[in-house]
Amino acid sequence: MLILPFALAWHVTGTLGGTLLWGLLVALTASVLPMAVIVRGARLGRWKGHHVTNREGRVVPLLVAAASLISGTVVMLVGGAPRPLLALMGSMVAALVVSSVVTFGLRWKISLHSAVAFASTATMAVVSGLWPLVFLVPAVLVAWSRVELGDHTTAQVLAGALMGVVVGGGTFWVLLD
């Protein structure tokens, strides 16, 4: 996830300054800050590890992620961020909403790792054509690892992958227009 904001910012701005400014803002609010809260919570024993394997433990991390994403989006709107980067933030908010509904409404533990890996691949394919599909290999490895580690079932990683492509990639594509 940390590479996508910088790759998209470079694609959109074509400048080092724009890439660093917008890429860093997206990376911080979409990934770094929420992950810092997750790691701290895990160290304090609030949930089982930084992967938050217990579904119930996902409440605080998902709320923090939502607050961070929305704050970042507001800053980007005020700062005049390029539309594709706003579309990226919007697609992440949409994926967060869907994953929260699945997690708490359906009481099922969809794989967020798989969702992010496949959404990132789909998003880059929307802006750059088919060559980013080479990232399907690492995305599949991420999904496989979640099952192999025993953190998810095959159905949970497949659902995460589908959600990533449809909600993450699809929302990004729709918001571009």
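The values are calculated or read from the model by the stated rules, or taken from the named source; none is laboratory data. Remember, it's a predicted structure, so these values are computed and weren't measured experimentally. Don't worry about glycine lacking a Cβ; one is built from the backbone with ideal geometry, like all the others, and counts go over all protein chains shown. Each accessible area value is taken on the protein alone, full model and side chains, heavy atoms only, with ligands, DNA and RNA left out. Shrake-Rupley method; radii C 1.70, N 1.55, O 1.52, S 1.80 Å.
Atom-type composition of the exposed protein surface of the chain places 74 percent of the accessible area on carbon and sulfur (1.4 angstrom probe). Applying the Karplus relation 6.51 cos²θ - 1.76 cosθ + 1.60 with θ = phi - 60° to segment 59-64 yields 3J(HN,Hα) values of 4, 5, x, 5, 5, 5 Hz, where x marks Gly and Pro.
Extension gain, Glu148 to Leu63, is 27.8 nm, computed as 0.36 nm per intervening residue step minus the present C-alpha separation. In segment 37-108, Cα pairs under 8 Å separated by at least six residues give a relative contact order of 25 percent. For Leu106 and Leu175, a Förster radius of 25 Å and the Cβ-Cβ distance give a FRET efficiency of 0.50, rounded to the nearest 0.05. The length gained by stretching the chain between Leu162 and Val137 to full extension, at 0.36 nm per residue less their Cα-Cα distance, is 7.5 nm. Within segment 94-169, the percentage of alpha carbon pairs spaced more than 22 angstrom apart rounds to 19%. The relative contact order of segment 1-153, computed from alpha carbon pairs under 8 Å that lie at least 6 residues apart in sequence, is 20 percent.
Rounded to whole numbers, the Karplus 3J(HN,Hα) couplings from phi for segment 81-90 are 4, x, 3, x, 6, 5, 5, 4, 4, x Hz, using 6.51 cos²θ - 1.76 cosθ + 1.60 with θ = phi - 60°, and x at Gly and Pro. For segment 26-171, a crude dipole built from +1 on the beta carbon of Lys and Arg and -1 on the beta carbon of Asp and Glu, taken about the Cα centre, is about 360 debye to the nearest 20. With loop defined by DSSP as not H, G, I, E or B, and exposure as at most 14 other Cβ atoms within 10 Å, which is the longest segment of the chain clear of exposed trypsin sites (Lys or Arg not before Pro)? For trypsin sites (Lys or Arg not before Pro) (loop position, at most 14 other Cβ atoms within 10 Å), the longest site-free span of the chain is 108-177.
Across segment 153-158, rounded Karplus estimates of 3J(HN,Hα) from the backbone phi angles (6.51 cos²θ - 1.76 cosθ + 1.60, θ = phi - 60°) give 8, 4, 4, 5, 6, 5 Hz, Gly and Pro being marked x.
Dipole of the chain computed with +1 at Lys/Arg Cβ and -1 at Asp/Glu Cβ about the Cα centre; of Gly129, Thr154, Met89, farthest Cα towards the positive end is Thr154.
The angle separating the long axis of helix 3-13 from the principal Cα axis of greatest extent in the chain is about 20 degrees. Once the Cβ-Cβ distance of Leu44 and Phe6 is raised to the sixth power relative to R0 = 22 Å, the FRET efficiency obtained is 0.10. When the Cα atoms of segment 69-138 are aligned to their principal axes, the ranges along those axes come out at 38, 32, 13 Å in descending order.
In the full protein context, segment 116-177 carries 52 Å² of accessible surface per residue, based on a 1.4 Å probe and ignoring ligands, DNA and RNA.
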